[in-house]
1. Could you go through segment 438-449 and let me know if any residue there is over 30 Å from Ala148 (Cβ atoms) and hydrophobic (A, V, I, L, M, F, W, C).
2. Being in contact with an Asp or Glu (Cβ under 9 Å, 6 or more places away or on another chain) and surrounded by fewer than 24 Cβ atoms within 10 Å (Cβ to Cβ) narrows it down to one residue among Phe215, Phe219; which is it?
3. So, of the residues in segment 459-491 that are without any contact (Cβ under 8 Å) to a residue 12 or more places away in the chain and of a type in the set (Gly, Ala, Ser), which turns out to be surrounded by the fewest Cβ atoms within 10 Å (Cβ to Cβ)?
4. Quick check on Arg50: is it in contact (Cβ under 8 Å) with a residue 12 or more places away in the chain, of a type outside the set (Val, Ile, Thr) and surrounded by fewer than 19 Cβ atoms within 10 Å (Cβ to Cβ)?
5. Suppose we keep only residues that are of a type in the set (Phe, Trp, Tyr) and in a helix (DSSP H, G or I) within segment 392-451. Which one would you say is surrounded by the most Cβ atoms within 10 Å (Cβ to Cβ)?
6. Within the group Phe358, Phe351, which residue is at pLDDT 85 or above, open to solvent by 30 Å² or more (accessible area, probe 1.4 Å), under 27 Å from Arg655 (Cβ atoms) and not aliphatic (A, V, I, L, M)?
7. Could we say that Leu225 is within 23 Å of Ser670 (Cα to Cα) and out of contact with any Ser or Thr (no Cβ under 7 Å at 6 or more places or on another chain) here?
8. Can you confirm whether Val152 is open to solvent by less than 40 Å² (accessible area, probe 1.4 Å) and in a helix (DSSP H, G or I)?
Amino acid sequence: MLRKIATFSVHHKWLVVATWLLVVVGATVAGQSLGGSFSNDLSVEGTDSRVAYDTLATRFPETSGDAMQVVLHDERGVTSAKLQRAVGDALAEVAKQDWVASVQSPYGDPQRQRGPQDDRQGEQRAARRAPAATAARPRMVSEDETTAVATVRFAERAADIDAAQVEDAQAAFAGVEDLGVQVEFGGAALSSESGPSGSELIGLAAAVLVLLVAFGSVFAMLVPLLTAVMALGLGMGIIHLLAEYVSVGTAGPVVAAMIGLGVGIDYALLVVTRHREGLAAGHPAKESIPIALSTAGRSVLVAGTTVVIAILSLYLIGIPFVSTLRLASAITVATTLLAAVTLLPSLLAVFGDSLDRFRVRRSRLDRGGGHVSGWHRWTRRVQRRPWPFLVAAVALLATMAYPLLDLRLGTADDGSAPADSTERAAYELVKDDFGAGWSGPLLVTAEYSTSTLNQTQRAATDLASEIADVRGVQQVTPPVVNEAGDTAVLTVVPTTSPDAKATEDLVHRLRGGVLLDQPAAVHVGGATATSVDLADKVAERMGWFMALVVGLSFLLLLVEFRSIFVPVKAALMNLLSVGAAYGAVVAVFQWGWLADLVGAQQGPIESFAPMMLFAVLFGLSMDYEVFLLSRVREEYLRTGNAGPAVADGIAATARVITAAAAVMVVVFSSFLLNDERVVNLFGFGLAVAIAVDATVVRL
């Protein structure tokens, strides 16, 4: 089948190339004009935080959306009448919008200063959006009166808030800034999209250098690059269109671009190398291209299918946010496979027999079948004394994986945001003047089935007193009771930051202690509790998910190589590679080792990252496994001698696998320059895993 597809692409090369150009341009335009935005919805059905959110949505609709903190700072003080009027005017303007549920002044409630130009209808609309409460809101001004915090609560959660709405709400405070006051914004509502950072271009430039060194030819370098970029363009257009219908995480497009670019160049590199071997053996291009697709192309198809299967397996864990984030990566890998079997042979046919013209150095091809090279001699040395090498390699990988024992899942708070971002500035101001817990307070809902309003108020006040005595609680605000008088909501401020282990322990302590003995249905919600629940769910399901991915990969290799030992060996070696990558990620991003060197922010490992890394890394490491073992099998079928077949297979693929791994490493490493911590983490983890897999494991 692959030979037939390649033959068609060669004979109709310009038609295939033109079709790809039209499809990529069309998908890009459609994605930009019709596509949706990217946002993070970390909630999981059936969790305590989800029940709390559902309670807020039905009993307190004005508090069910996500909030944006507006942090005001001025060393001269933030309590002047002029500033209070400016803040009141800004809040009144924001409160008029249909997409705003409520606003909260830092100077207490219900008092709100108003400007001379206030619109009466807007004032009434804003008043209707003020939450019905039986207790006044706290005054959010620091003790030294240099910092104040206002709150804008949107009608929707962050996943459904339009970026333009956030920008409009922030723009309303321009008048406050005109007074010389520092205004910063933070909170759960600011789940901004992660866009291009320039690292993609750096990765491409580095890949160009690696390909030039590997091929020694400008044309041979261009073919994998063009194939990867075209495939990535199609994939990104589809992802943008998809975002209109499902919630795709903000890191989704960048992670997908990282993986798509890496595997796109990688897969094309393998096929182009095999094609050049055919040209060197005397085959004309129109014969060599179908041969390359039917051999190396088959390996690429198996390896890519393994990646897609591993990624799509994440749908079975039942966490929507994790699943949709993975879907973005699966799409770019799928478009890469499509490009490898259709566009790539067409581009090779365009260059034809001139592929190796415009050389920058003399080309070199590794060969099997008895050709002795440095790679061949190294392999034979390992084969003569396998046990010392095996023990040393396993010991090294196990040592690298050791930090994995201290893995802590969570969601990094705004303290891990880029140093020059408004979220980071807001977080630091709130932490210094109010306490880190104010950056991510917990929302406790309590439903009383048979109480009157006064009874609910008294019971909720008693509940607040009990919670205030729990270790790790800094403050509990007075309870707010709904108009029906059957439900109360309390804001619980931890003493520690949202991503701290102590805060996670506090959530579990509340749920397993004081809240169990209440005559009400009590639940702990809010963005911080949602992150804790996501981490718990991921940890609960990670083991069997990994077993599923390993099992599916085992079956795929079993069918491809018709061997039991080969897939068992591959699974064990890949698990060691992944473990080493995990350990390195924990050491750098959680422990903080060499964090400054790679631009990492210390904190917990993003709860969805281990599953994503496992699916992608296990699939990518299979690339080299399949390509290498396919060549070993060819040599074995030719000679019937296993030992020399392994040595010849490694020698024949050494240069191309090294070049492919180098491309992957430089592309993934370039994403360390991105501002988003999740992207940094993925780039680092993928680069380490590929480097380990292509050196320690393969050699």
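1. Initial filter on segment 438-449 (over 30 Å from Ala148 (Cβ atoms)): 447-449.
Narrowing further to those that are hydrophobic (A, V, I, L, M, F, W, C): none.
No; the residues of segment 438-449 include none that is over 30 Å from Ala148 (Cβ atoms) and hydrophobic (A, V, I, L, M, F, W, C).
2. Working: Phe215 fails: surrounded by fewer than 24 Cβ atoms within 10 Å (Cβ to Cβ).
Just one listed residue meets the conditions, Phe219.
3. That would be Ser465.
4. yes
5. Residue satisfying both the conditions and the ranking: Tyr427.
6. When all the criteria are applied, what remains is Phe351.
7. In short, yes.
8. Working: open to solvent by less than 40 Å² (accessible area, probe 1.4 Å): yes; in a helix (DSSP H, G or I): no.
Answer is no for this residue.
The values are calculated or read from the model by the stated rules, or taken from the named source; none is laboratory data. Treat the numbers as computed from the prediction; the structure is a model and nothing was measured. Reconstructed Cβ throughout: ideal geometry from the backbone, glycine too, with neighbour counts over all protein chains shown. Protein only, heavy atoms only, side chains kept; ligands, DNA and RNA dropped before computing areas. Shrake-Rupley method; radii C 1.70, N 1.55, O 1.52, S 1.80 Å.
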